[in-house]
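Notes to accompany the following structure.
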Amino acid sequence: MNRPVIAITVDTSHRAEQYESPCAYSTAIEKAGGLPLLLPYRTDLSLIPQIVDLCDGVLFSGGDDLDPALYGEQWHPHAARIDPARQTFELALLAEVERRRVPALGICLGCQLMNVHRGGSLIQFLPDHPRPNPIEHRKLDDPTRRHDVTLVGGSAIASAIGRTTLSVNTSHKQAIRTPGRGLRIIATAPDGIIEGIEDPTMPLYAAVQWHPERLHEEKEHLAPFKMLVTRALEHMVAEET
């Protein structure tokens, strides 16, 4: 049987008029048994249905900060603004993916996108967010920075990993403030910051705040990609029957 096609959203390059996609995303999908396909976002939105026709699953990747007007706020001074074309494309893509119940996994920005799409809100700058015993979630000068997360037993991510505690990497300054419609919190950091969400009524609509693709050599962090590929394979078989 052919591998399921997993579309991967791409980011903005520091070079003008170019896209960027860290190799780890496509490597993780390939190792998990999928066929990675990078999606350019400077694409006519009318083509999105045809794009989704090609996909058995979608990985919404990391990137810069969503426009806070989406959830009724002004830009924070420390925001790194997303390319508006990427935001527009990915929100439209996500709407079509959700409508067709195509399996979707979000990472970092992808997690925030999937939440805001459902009407949720974000904490724009974690150092400004009061909470007991705060930890540093930004990478800063330590690319190996990690902390534990607690996962909800029975959630898609916990079931894929096979445990309810996990050591994760961390390199984000924003996080979910309020979950969107139909979403439940399935992972939290020791300081209470939300690290994962899902809609349990969907074939797969799940997202994490950390970057498992950077740790794909560890089986616990390859597991979410295997989960996505497995659900995508089920979707592919269902579409063919």
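The values are calculated or read from the model by the stated rules, or taken from the named source; none is laboratory data. Fair warning: this is a prediction, and the values are worked out from it, not measured in the lab. We place every Cβ from the backbone using ideal geometry, glycine too, and count neighbours over all the protein chains shown. The accessibility values were calculated without ligands, DNA or RNA, using every heavy atom of the protein model including side chains. Shrake-Rupley method; radii C 1.70, N 1.55, O 1.52, S 1.80 Å.
Points to keep in mind about this one:
- Subset of segment 180-196 that is among the charged types (D, E, K, R) and not in a strand (DSSP E or B) - its residue that is most open to solvent (accessible area, probe 1.4 Å): ARG181
- Pick from segment 106-128, criterion part of a loop (DSSP other than H, G, I, E, B) and either under 15 Å from the mean Cα position of the chain (by Cα) or free of Cβ contacts under 8 Å to residues at least 24 places away in the same chain (or both), ranking: nearest to TYR25 (Cα to Cα): CYS108
- Residue satisfying condition, being modelled with pLDDT under 95 and closer than 23 Å to ILE8 by Cβ, within set ALA238, ALA175, ALA160, ALA207: ALA238
- Counted residues, segment 28-60 - those being open to solvent by 10 Å² or more (accessible area, probe 1.4 Å) and assigned to a helix (DSSP H, G or I): 9
- Of the listed requirements (1) touching a residue at least 24 places away in the same chain (Cβ under 8 Å); (2) open to solvent by 50 Å² or more (accessible area, probe 1.4 Å), ALA158 misses just one: (2).
- Inter-residue pairs, beta-carbon under 8 Å, first without any contact (Cβ under 8 Å) to a residue 40 or more places away in the chain and assigned to a strand (DSSP E or B) and in segment 1-24, second surrounded by 12 or more Cβ atoms within 10 Å (Cβ to Cβ) and among the β-branched types (Val, Ile, Thr), 6+ apart: TYR19/VAL10; TYR19/THR12; GLU20/VAL10; GLU20/THR12
- Scoring ALA206 on the criteria (1) outside any strand (DSSP E or B); (2) within 15 Å of the chain's Cα centre (by Cα); (3) of a type in the set (Gly, Ala, Ser) leaves a single failure, condition (1).
- Here segment 84-105 is the region considered, the condition is being of a type outside the set (D, E, K, R) and outside any helix (DSSP H, G or I), and the residue that is surrounded by the most Cβ atoms within 10 Å (Cβ to Cβ) is LEU105.
- Any chance ARG177 is in contact with a strand residue (DSSP E or B) (Cβ under 7 Å, 6 or more places away or on another chain), among the basic types (Lys, Arg), part of a strand (DSSP E or B) and open to solvent by 50 Å² or more (accessible area, probe 1.4 Å): yes
- Some residue of segment 54-66 being without any contact (Cβ under 8 Å) to a residue 40 or more places away in the chain, at negative phi and out of contact with any strand residue (DSSP E or B) (no Cβ under 6 Å at 6 or more places or on another chain): no
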